[in-house]
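I have placed the structure first, in the form of structure tokens, so that the comments after it can refer back to it.
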Amino acid sequence: MLKISHLTKKYGKVVACNDITLDVGNGEVAVLLGPNGAGKSTLIKSVAGLVRFSGSVRIGGFDNRSESAKRILGYIPELPALYPNLTVAEHLEFIARAYRLENYKNRIDDLLDAFELSDKKKKFGDELSKGMQQKLNICIGLLPDPDLVLMDEPMIGLDPHAIKQLKLVFDDMREKGKTLIVSTHIIDSVDMLWDRTVIMQSGNVMADITRSQLDSTGMTLEDYFFKVTENIDTEAMRGSGSLLSGTDAK
Amino acid sequence: MKLFLYYAAHSFVNQLKKLMKTWVMILIIAMFVFGIILGLVFALLDRAIEDIEPGEPDPDTSETEHDSGATMPSFTGDDGSVIYTMTSNDILDISVSAVILLTFVLSVATFDRGSIFLPADTVLLFTAPIKPARVLAFRLACGMGAVLMVGVYFLFQIPNLIANTSFGVATVLMMAAGLMLAVTGAIAVKTVVYIVSAGSPVRRRAVRTVLFALLGAAAVGLFVYRRSAGIDSIALAAVKYVTSVYSRYIPLIGWCKGTVLYVNEGRPVAAAVCGAATLAGTAVLFFVSSRLKNEFYEDAAAKAEEVAELQRAAAEKRSGIFGAGKKRGKDRADRVRRDIMTRGSGASVYFFKEIFNRFRFSFLGIFNGSAVTCLVLGAGVSVILRIFTEFRSMIPAALVLAVICFFRTLGNPLRRDTELHYFAVIPEPGVKKVFWSLLGGLAGCALDLVLPLAISAVLMSEPFYIPFAWFGFIISVVYYSSCVGAFVGLSVPVNAGTTIKQTVQLLFVYFGLVPDILILALIGTFVGIAPAAAAAALLNFAVGTVFFALIPGQIVK
């Protein structure tokens, strides 16, 4: 579904993504993990066609900048992006019309029900709280029923019910054979959801591991993450004491 | 002071570094190169002409004419006789007064809790062991750059105001010093005003009332002066009122003015007294501000958070200052329709969104703020001309409307659409999205223009095709300006600063519209105003389309 070849993105002299090559298959739920500044958001934005880069990105066999690729792509940014002068219902109507969708009314109702926005249909974008704005953002990203969905830190600002609902959406998408790429730096938020994890650091892919591969090592995702990013064996640390023992000694 | 200089120097250098990485640098270099070439060419031409006509005195620079004041503006009575001819001193006085007043008014009039503080101030400066008044003065000083630029611009205009009159070196130096005194004094006044008005809407209103009262007092003073001096002409009374020697007794503003004018009049002691008084007055104000109870931190921190939110929004290429990243303080009225976005398909949704919102938020679907402004000013000009003069042409109204519409397009008119990620991810060609978005803005502008142009045409008894010609011309100006604004807004990095972006845009727009003025003047004089407006419109559409073609390539960063 997604094929990234030698993607490099520089902001001036800073290399945000360095020669990244990655394949994500149909129906996979892939998680991009990494500390702040690892390049996760830049990679997501590059795939979404929001930033220029060198290398190539193909979505469903199409160049990511092509209309064909955009038609099967959904993007949910980290921060909600809404029009202040359109209502909740009008945002969804706007996107449905922009994507030239057909028979979308029921899907709009379903999404609004799922994310508890049905009673906010007539609220303007800037009359919503941040959490509600993020929920609407998710509804908008999912409305065209895309084959590949990119989510950049989607759970930030959501209430527990919305997080639960979002996880159900993940399951539903997996069942339907849709591909999902979720970027996050909060490991707990995605545990149990993923088929594959890509760990990034300083613009590089440090590890690319499937769930079965991780299970065979006997490590948790958190242990594996710290081992990769900091070369810290957290199991051993747990045995010997606190991670901060060195600091405490001072 | 150390803090201010360090911050100002580093900010300036960093801004330049950012600009170096964009095409703006190429533009600046090109301007310098062309400027040098043009300067050399004109200098050579001048020399060549002098060589051809040696020894011929230049009448403009002749001392005789100069001294006689033949080139100076004068006031005439009802019988046409000259009753007063302005001197170079009068013009200098008026210019200096204007610069100083502008400096004070621009700074003090914006004393409201605007976005003075940056987000970083909350954690870096508010918590530092610096007196709050000093933090405020530092931040205000940083914000005086625009005032300084305006002041310098006016200073450079002084030689133009007094044709062929040169000031002494001391006067010129004192002008610069006077401007610095005015800026410092204005910062001191603004600091006191800000502290006094912070945290209390009642005090804020009171301060505003006092400021308006001072302006009112100045106006009443002019009226009384005119009556008591028995001057018929309001303009002449205003000149004498402003240049009166007693105006130099007004605290700060007058003292500052006196510093410059006394030097020009060859009275260094008086100038020194005025300068010392200005400095002392400024020092007293800073002392007072440091003793006042400072209650603005909480207010300023809240505002700084809003600014941080907006900056993050801009950096994320999503909603800008009108975006939905921030929740409204209060919901809109229930009567506003909330279910009318029911048209459009593909990229055209951008056009219908604009149109629906226009009808949704306007009185009777037409009268929003800009429509009312166009109607009042555009049609108002024609009404005044009709009632009070014999002049019958809708040119003044059309030019007023063109200026209003032009200023509406400053910045990036497509910003609301292009800053949201939908613009990039919606599966439609970029050029179509830009086209429909632009068309939405133009349609809104067209709705604003129809009524005032129609009223003006009727009042001025113009032929039916004249308002159509002006309509096309103004829309073409908006189209050109919008295309340039969108191109500059998208291609110059977000963090390059709004002022820099707008300066670059103004540069393009002003130079781009110069041919319009030539076309209107030449074709308008020799052929007719309708063909002139049509020709200018065609040119604007053609040049605008060049920029339009560049916009889609700038959507992706």
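Here, each number is a calculation from the coordinates, and none is a lab measurement. All of these numbers come straight from a predicted model, not from anything done at the bench. Note that each Cβ is placed from the backbone with ideal geometry, even for glycine, and that neighbours are counted across all protein chains shown.
Under the definition of partner shielding as Cβ atoms of other protein chains within 10 Å of a residue Cβ, what is the mean value for peptide B:346-354?
For peptide B:346-354, the averaged partner shielding equals 3.
Determine, for each peptide in A:62-73, A:216-227, the mean count of other beta carbons within 10 angstrom over its residues, then list the peptides with the highest first.
Ranked from most to least packed, the peptides come out as A:62-73, A:216-227.
Using a Förster distance of 45 Å, how high is the FRET efficiency between B:Ala276 and A:Ser129, based on the Cβ-Cβ distance and rounded to 0.05?
For R0 = 45 Å, the calculated efficiency reads 0.20.
What number does chain A give for Rg over Rh if you use C-alpha atoms and the Kirkwood radius?
Using only Cα positions, Rg/Rh for chain A is 1.00.
Can you tell me which of A:82-91, B:421-430 comes out highest on packing, and rank the rest after it, using the mean Cβ neighbours within 10 Å?
Ranking the peptides A:82-91, B:421-430 by packing returns A:82-91, B:421-430.
Would you mind computing Rg(Cα) / (2.2 N^0.38 Å) for the stretch A:104-176, counting N as its residues?
In units of the globular-protein estimate, the stretch A:104-176 measures up at 1.05.
By per-residue mean of other Cβ atoms within 10 Å, what is the highest-first order of B:179-185, B:525-531?
B:179-185, B:525-531
For A:Ala207, list long-range residues whose amide hydrogen, built 1.01 Å from N in the peptide plane, is under 5 Å from its own amide hydrogen.
Distant-sequence amide H within range of A:Ala207: A:Ile199.
Starting from the 7 Å offset along Cα-to-Cβ, what nm value, one decimal, do you get for the label separation of B:Leu377 and A:Ser66?
Each label point lies 7 Å from its Cα, and together they span 5.0 nm.
Assigning unit charges at the beta carbon (Lys, Arg +1; Asp, Glu -1) and nothing else, what dipole magnitude in debye, to the nearest 20, does the stretch A:40-123 show about its Cα centre?
Here the size comes out at about 360 debye.
For the pair B:Ile384 and A:Ser212, how long in nm is the line joining their label points, each one 7 Å along Cα→Cβ?
So the label points at B:Ile384 and A:Ser212 sit 8.3 nm apart.
Could you tell me which of the pairs A:Lys9/A:Lys45; A:Lys45/A:Lys164; A:Lys167/A:Lys227; B:Lys353/B:Lys433 are separated by over 19 angstrom between their Cα atoms in the structure shown?
Pairs exceeding 19 Å: A:Lys45/A:Lys164; A:Lys167/A:Lys227.
How high is the relative contact order of chain A, given as a whole-number percent (alpha carbon pairs under 8 Å, six or more residues apart)?
Relative contact order here is 26 percent.
Report, in whole Å, the centroid distance computed from the Cα atoms of the stretch A:81-131 and the stretch B:215-288.
61 Å
Within the stretch B:365-400, find all residues whose amide N lies under 16 Å from a label point positioned 7 Å from the Cα of B:Phe407 along Cα-to-beta-carbon.
Counting backbone N atoms under 16 Å from the label point, the list is B:369-381, B:397-400.
Take A:Asp23 and B:Val527, extend 7 Å from each Cα along the Cα→Cβ direction, and tell me the distance between the two endpoints in nm.
Reported label-point gap for A:Asp23 and B:Val527 is 6.5 nm.
Counting partner chain Cβ atoms within 10 Å of every residue's Cβ in A:50-58, what's the average?
Mean inter-chain Cβ contacts per residue within 10 Å come to 2.
Counting other beta carbons within 10 Å of each residue's own, what order do A:Ile95, B:Ile474 fall into, fewest first?
A:Ile95, B:Ile474
In whole Hz, what ³J(HN,Hα) sequence does the stretch B:517-522 give by Karplus (6.51, -1.76, 1.60; θ = phi - 60°), x for Gly and Pro?
So the Karplus estimates, Gly and Pro as x, are 4, 4, 5, 4, 5, 6 Hz.
Based on the alpha carbon coordinates of the stretch A:9-143, what radius of gyration and maximum Cα-Cα distance (Dmax) apply, in Å?
When restricted to Cα atoms, the stretch A:9-143 yields Rg and Dmax of 16.8, 48 Å.
Mind checking B:253-259 for the average number of partner chain beta-carbons within 10 Å of each residue's beta-carbon?
Counting other chains' Cβ atoms within 10 Å and averaging over B:253-259 gives 0.
Run lengths n ≥ 4 of DSSP H only: what is the helix-derived mean residue ellipticity at 222 nm for chain A, with -39500 (n - 2.57) per run over all residues, to the nearest 500?
That calculation yields -10500 deg cm²/dmol at 222 nm.
Roughly how tilted is helix A:160-175, in degrees to the nearest 10 and between 0 and 90, from the longest Cα axis of chain A?
90 degrees
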